[in-house]
Structures are given as C-alpha cells and as structure tokens.
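Colleague: Below: one structure in structure tokens.
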Amino acid sequence: MNKTLRQWISFLILISVPVISRAQTSELGLQQALRLAEEASPSLKAAEAREKEAREDSTVAEAGFFPTLDLAAMDSDYSNSSSGANGFSGLLTSLYRTGPAVGAFSKWDLIDISQWHDVDAAHFADDAAREAVRFKKAEVDQQALSVYLDAARYQGEADAWQKMVTELASIQRTVARFVRNGQYSEVEKILIDDQMKNAGLEVSDFNQKYQTALVRLGLFTGMDPQKIVCQTPEELPESLSGLEGNGESPLISQADYARQAASETVGKYSAENLPKLEVDASAGYLGDDKLPDSQDYSVFVGIRIPIFEGFRIDAEEKKAKAEAEAKTDELASARLTLADLNAQYDQQIATAREDLATLVPEQDSAKQGVKIARQRYLGFLSPLADLQQALKDMVGVDAQIAEVKTNLLLALGSKAFLNGKTLPPER
C-alpha cells in the first residue's frame, strides 16, 4: 500500500511540474514573436540605416540641379595676385585690382545630361535599398518563424509522450496487481516498467529540445527564455492570416531596381562626353581697381566640351556597362530562385495538407484503439503487447501531427514572406 501511495505522489509531482512552470511564464504568440524579432534584429536595423544613406545620396545627386553660391573676401598688395587656381572665383580673381575685395560667385550647370542620369541612378538605388529592407525583414520573419515552430513542435512531441506517461502510470499499477495475484508473469511488469522509463526519457529529451528552442527564440526576440512559453501545435492557427502586401517579392524588386540604377550609371558616363552649358555670375567690392570703367558684377554663359580625360570616361563607361550586365543576370537569377523556392514551398504545403487529412482521422482511431486494447487487456482477452502497441501508435500519430502542422505553417509563412507579405502595422 505504501508503494502504491509513493507511485501516486511521484505521478502527481510529474504532471504538476509543467503547470507550475507555465504559471510563472507568459505565452508568446506567433505574431508577437515575429514583431519582437523585427524590433530586435541588428541586421534589419543595419538595412534601414543603409536605406537612409541611399535616400541622402538621392538628395546629394539632386543638388546638382541647383546653382551654387559662394561668398569670399581677400586682400592683396599688388595686382595680378589672384587667379582661379587658388580657389577663388569671380571678380575677386581680377588681374587689375589691389587691396581688399569682397564678392559672391554663383555657378549653375544649366544643361548637363549626365546629371539627369546621375539623379535617376540615385533614385533607383534608393528604391533598391528600400526593397533590401523588405527582403531583410522577410529573412528575419522567416528565421523567427522557424525557431518558434521548432519550439512548438518539440513542445507538442513532449506533450504526446507525456500523455503516454500518464496512460502508462495507470496501466503500470494494474499490471503490478495482476503480477502479485499470479495472473500474469513478472515479465509483463518488466516490459511495462521499461516502456515507462523509455517514455519518460522521450519526455525529457523533447523538453530539453524545447528549452533550447526557447533560448534561441529569446536571442531573436530579446526576451528572457525562462519567462516565455510558445503555443502548442494544437493552439496554432491552420494558416498565417492577416498578412498584408501586394504580392511583389522584394527579392525581384530589389534586383530590378539595382539593374535600373546600373543602366542609368551607364547613361551618366556616356553623357559626360557631351557638351555642358554653364552659367556663372559674380558681384562684389573690388577695392583699388586699375580700370576706371570696371564693373562690380559680371555674368557669362559658357559651353564646356571634354576633349581628353586620360581615358577615364571611356573606362568608367565600360565598367558601368559590365556592372549593368551583371545586374541584368542577377535579376534573371533572382527570378529563377523565386520560381524554384515557390515550387518547393507549394510541394511542401500540398504534402503537409494531405498528411494532415490522413493523420487527423487516425488520431481519433488511435485513441479508440488504446481504449479498446485497455478494455481487452483488463478482460484477459488480449495480451499486454497489444495495449503497448496501441499506446505507441497513439503517440506516433500525435507526434506526426505536431511535426506536419508546424512544417505546413513554416512553408506557408516562408512563401508569404518571400513573396512580399508582411505583418500588418500595430494598431
């Protein structure tokens, strides 16, 4: 009687440990985990910083459309003391003045075709950086989703084996009574004890895997793994609902914008061989000028035509063309990659759904099989081996459902993220 009491106490402690653990933690939902992973990801923050950099590069390129204005002051003791070579421009560089001078100089490239291509290239690079952020976000979401579903699967498999431990605890007492009464041999007690130990080891193994997955999830989300629990496979939705997006993959759009930026860069260097129309203006105080009819302002319009640049322009253009060809091939490669990944995800989704359609009815049959096998064993109509096999089948089906459902969600989520779907903004 004391032995039976000790077994009951041990069993109650065993099933109460998860309850106590859950009471000290809070459940982390799937979408919440993805949001926290996005907020904590340093790689995503780096991509966002590069997007800001590309946006400022666009502003830098657009600045070329505006005129410049410089203010300068200088003093000289004799004429012919200044020229444009020393950095001063406009009236201050006059050869016919001495003494102090103050002036303003403005320059405007009125027509410069290369500048237009440069601005377009910067805008496309900005667009590519924005799509790179979307792609990085998809990567972070997919990684967090994978780790979360690993934790859910391990928890589901641990729960399946825990269910077997619960069933075996009851059967173990019955077998022990039959053996004491001489109705069955000692071998059956040894067999059921071994099965109980093996089931306990499986529970321990999957719980350890679950804790490891929680540690990894804590790294992604910035949360304390000791204070969170994941949803079980039974609690997870059948699909990731509520995602938003136009279905345009950032993998393709990023490569396409990069290709267009490279194409505009080719146009920029090609246009550097064309004439440029420039407007300059200067005004100021010249001090002691040597010419009595000198003016305190000047305006001129000029055309500059590059003749020889040491083959720089030709080399830059060839380099840009090679880059444009590479970006075109990278776009084609991205499309092939997207098509291949979508085909793989479609196959995984179809297989998982077919497996679930088969396994869910099997789950009910397995439970019924355990019930019948127990009744037959207690009625001395079938051996213990039948009941043990029925329990194995029940655990196997439960574990398979946990694995298949998490695989289905992983394939659905990965495909959605790859094709431009994202979490909706928090309200």
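The values are calculated or read from the model by the stated rules, or taken from the named source; none is laboratory data. Just so it is clear, the model here is predicted, and its values are computed rather than measured. Cβ: placed from backbone, ideal geometry, glycine included. Neighbour counts: every protein chain shown. Side chains are part of the model used for accessible areas, which takes the heavy atoms of the whole protein and leaves out ligands, DNA and RNA. Shrake-Rupley method; radii C 1.70, N 1.55, O 1.52, S 1.80 Å.
Colleague: R0 = 41 Å: FRET efficiency of Q389 with Q211, Cβ-based, nearest 0.05?
Modeller: After rounding, the FRET efficiency stands at 0.85.
Colleague: Report the extension gain between E235 and L110 in nm, rounded to one decimal, defined as 0.36 nm multiplied by the number of residues separating them, less their alpha carbon distance.
Modeller: 38.4 nm
Colleague: Same structure again: Rounded to two decimal places and with Rh computed the Kirkwood way over Cα pairs, what is Rg over Rh for the chain?
Modeller: 1.32
Colleague: Right, next: Which residue, V133, T232, L44, has the largest displacement toward the positive end of the dipole of the chain when charges sit on each Cβ (Lys, Arg +1; Asp, Glu -1)?
Modeller: Highest projection toward the positive end goes to T232.
Colleague: If I stretch the segment between D288 and I303 completely, what's the gain in nm (0.36 nm per residue apart, minus their alpha carbon distance), one decimal?
Modeller: 2.2 nm
Colleague: How big is the Kirkwood radius of the range 32-181, worked out from every pair of different alpha carbons and given in Å to one decimal?
Modeller: It is 22.9 Å.
Colleague: Given a 1.4 angstrom probe, I'd like the percentage of the accessible area of the chain that is carbon and sulfur, rounded to a whole number.
Modeller: For the chain, the apolar C and S fraction of the accessible surface comes to 55 percent.
Colleague: Starting from the 7 Å offset along Cα-to-Cβ, what nm value, one decimal, do you get for the label separation of Q368 and A46?
Modeller: Reported label-point gap for Q368 and A46 is 5.7 nm.
Colleague: Using a Förster distance of 35 angstrom, determine the FRET efficiency expected from the C-beta separation of E248 and F65, and round it to 0.05.
Modeller: The pair E248/F65 has a calculated efficiency of 0.70.
Colleague: Relative contact order for the range 103-260: what is it in percent, counting Cα pairs under 8 Å that are at least 6 residues apart?
Modeller: Relative contact order here is 40 percent.
Colleague: Express the relative contact order of the range 168-258 as a whole percentage, based on alpha carbon pairs under 8 Å and six or more residues apart in sequence.
Modeller: So the answer I get is 14 percent.
Colleague: Quick one: net charge around H117, please, counting Lys, Arg +1 and Asp, Glu -1 for every other residue with C-beta under 11 Å from its C-beta.
Modeller: -4
Colleague: Taking the range 326-427 as the region of interest, what is the percent of Cα-Cα pairs per 5 angstrom bin, listed from the shortest bin to the one with the maximum distance?
Modeller: In order of increasing distance, the bins hold 2, 12, 14, 12, 11, 10, 10, 8, 6, 5, 4, 3, 2, 1, 0, 0 percent.
Colleague: Mind checking the full-extension length gain between S170 and V360? Use 0.36 nm per residue of separation minus the Cα-Cα distance, one decimal, nm.
Modeller: Answer, rounded to one decimal: 65.8 nm.
Colleague: Under 8 Å for C-alpha pairs, at least 6 residues apart: give me the relative contact order for the chain, rounded to a whole percent.
Modeller: 24 percent
Colleague: Among S249, Y269, Q155, whose Cα projects farthest towards the positive end of the dipole of the chain, with charges put on the beta-carbon of Lys, Arg (+1) and Asp, Glu (-1)?
Modeller: Q155
Colleague: At 222 nm, what value in deg cm²/dmol follows for the chain if DSSP H runs of at least 4 each add -39500 (n - 2.57) and the sum is divided by all its residues, to the nearest 500?
Modeller: When only DSSP H runs of four or more count, the value is -24000 deg cm²/dmol.
Colleague: Rounded to the nearest 20 debye, what is the charge dipole size of the chain about its Cα centre when +1 sits on each Lys and Arg Cβ and -1 on each Asp and Glu Cβ?
Modeller: 2920 debye
Colleague: A further question follows. Per residue, what volume in Å³ does the convex hull of the Cα atoms of the range 127-253 enclose?
Modeller: For the range 127-253, the hull spanned by Cα atoms encloses 134 Å³ per residue.
Colleague: Another question about this same structure. If packing is taken as the mean number of other Cβ atoms within 10 Å per residue, what is the order of 312-323, 176-187, highest first?
Modeller: Answer by packing, highest mean first, reads 312-323, 176-187.
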